[in-house]
Amino acid sequence: MKAIIFSLLGWMFLPVMDGFAKYLSDDLPILQITWARYFFTVAFVFPIMLFFYKKQLVWSDKPKLQIFRGLILLSANICFFYAISVISLAKALTLAFIAPLIVTAFSPILLGEKVGYRRWSAVVVGFIGSLVVIRPGFVELNFASLAALGTGIFYGFYLIITRKLSTSDNPLLTLLITGMVGALLVSLIIPFYWVKPTLNQWSLMAGIGVFACIGHLFLILSLKYADASKLAPLGYTEIIPNVLIGYYFFSELPDNWTYLGLFIIVLSGLYISRREYFLTRSN
């Protein structure tokens, strides 16, 4: 149950980051928002490790995999921040929901995990629910929609790599290295795109980094207790706070189809949670 709780908490925090990013995208360049996400993650994590986990502030046992994970997540963030600057939060997230399918499809190959038909069914049902939220035929294959699809592909592989790292490296170290990779790379080009932020924008930029850090920390912790493919369907629950943020802050009013889709998604996540609970008890 620890894995399920941590995973759900992670998916509750990350939509707040998305909301901040969408709000800032009206006035700031996407690369500047991306820079803030990584810079403030490092600024948040490094002091914690320095004062409380100094002995674990060492280089990773799998440095190449850590750097590759950072590059994958950076690509996913750039794609998603661009997508939500053009299309709605709900539409972008629904397209990104191919991530659990990527995890389920490649976990047996890359992680050696067993994926039964029940988990495949839960993933498919959750994906159908996410489509119901927007409804088939809503997608115009513009660049923003393709970027949202790219987010899902990148994020699926990010989750798989995170699973491989969760058994060896400290979760905070993983967050720190990921933040450093993104911050260093984006810092090389951000001077060419920089727009001077207001005080309010600075606070939201910092919030992006903090909420990203907390959300991903919970996701990393969850993967220490359960297989990536088992937890993947729980990612669908992210659409619940996502839709609420879209409604309250961006006047994106959900319709009856949205409520039906959310009902299907929640049932899918609850099924996985219950299944994981009984499997844990039987082992």
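Considering only residues that are at pLDDT below 75 and farther than 11 Å from TRP257 by Cβ, look in segment 119-135 and name the one that is nearest to the chain's Cα centre (by Cα). First the steps, then the outcome.
Kept after step one, since they are at pLDDT below 75, are these residues of segment 119-135: 119, 130, 133-135.
Restricting the remaining residues to those that are farther than 11 Å from TRP257 by Cβ gives 119, 130.
Values: ARG119: 20, SER130: 16 Å.
The selected residue is SER130.
Do we find a residue being modelled with pLDDT under 85, surrounded by fewer than 21 Cβ atoms within 10 Å (Cβ to Cβ) and over 18 Å from the mean Cα position of the chain (by Cα) anywhere in segment 63-83?
Yes.
Yes or no: PRO191 of a type outside the set (D, E, K, R) and modelled with pLDDT of 80 or more? If you could, list the steps in order and put the result at the bottom.
Values: of a type outside the set (D, E, K, R): yes; modelled with pLDDT of 80 or more: yes.
For PRO191, the condition - of a type outside the set (D, E, K, R) and modelled with pLDDT of 80 or more - is met.
Please state which of the following conditions LEU95 fails to meet, knowing it meets all the rest: (1) crowded, with 23+ Cβ neighbours inside 10 Å; (2) over 13 Å from ALA144 (Cβ atoms).
(2)
Suppose we filter ILE220, ILE190 for residues that are part of a helix (DSSP H, G or I), β-branched (Val, Ile, Thr) and over 13 Å from the mean Cα position of the chain (by Cα); which single one remains?
Step by step, each of ILE220, ILE190 is checked, and only ILE190 is part of a helix (DSSP H, G or I), β-branched (Val, Ile, Thr) and over 13 Å from the mean Cα position of the chain (by Cα).
Identify the residue in segment 4-28 that is small (Gly, Ala, Ser) and in a helix (DSSP H, G or I) and, among all such residues, is farthest from VAL195 (Cα to Cα).
The initial filter retains those residues of segment 4-28 that are small (Gly, Ala, Ser), namely 7, 10, 19, 21, 25.
Those left that are additionally in a helix (DSSP H, G or I): 7, 10, 19, 21.
Values: SER7: 35, GLY10: 30, GLY19: 20, ALA21: 15 Å.
Among residues in segment 4-28 that are small (Gly, Ala, Ser) and in a helix (DSSP H, G or I), the one farthest from VAL195 (Cα to Cα) is SER7.
Output yes when any residue across segment 198-212 is farther than 17 Å from LEU65 by Cα, modelled with pLDDT of 90 or more, in contact with an Asp or Glu (Cβ under 9 Å, 6 or more places away or on another chain) and assigned to a loop (DSSP other than H, G, I, E, B), and no when none is.
Scanning segment 198-212 turns up at least one residue that is farther than 17 Å from LEU65 by Cα, modelled with pLDDT of 90 or more, in contact with an Asp or Glu (Cβ under 9 Å, 6 or more places away or on another chain) and assigned to a loop (DSSP other than H, G, I, E, B).
Kindly list the number of the only condition in (1) at pLDDT below 80; (2) in a helix (DSSP H, G or I) that fails for PRO254.
If we test PRO254 against (1) at pLDDT below 80; (2) in a helix (DSSP H, G or I), just (2) comes out false.
Would you confirm whether any residue within segment 229-242 is closer than 23 Å to ILE78 by Cβ, of a type in the set (Asp, Glu) and surrounded by 20 or more Cβ atoms within 10 Å (Cβ to Cβ)?
yes
Consider LEU146 carefully, then state whether it is farther than 30 Å from ASP27 by Cβ, touching a helix residue (DSSP H, G or I) at 6+ places or on another chain (Cβ under 9 Å) and modelled with pLDDT of 80 or more.
No; evaluated as a whole, the condition is false for this residue.
Tell me which residues, restricted to segment 213-233, are among the aromatic types (Phe, Trp, Tyr) and either free of Cβ contacts under 8 Å to residues at least 12 places away in the same chain or farther than 17 Å from LEU111 by Cα (or both). Steps first, please.
Residues of segment 213-233 among the aromatic types (Phe, Trp, Tyr): 218, 225.
Selection gives PHE218 alone.
The values are calculated or read from the model by the stated rules, or taken from the named source; none is laboratory data. Just so it is clear, the structure is predicted and the values come from calculations on it, not from any experiment. Reconstructed Cβ throughout: ideal geometry from the backbone, glycine too, with neighbour counts over all protein chains shown.
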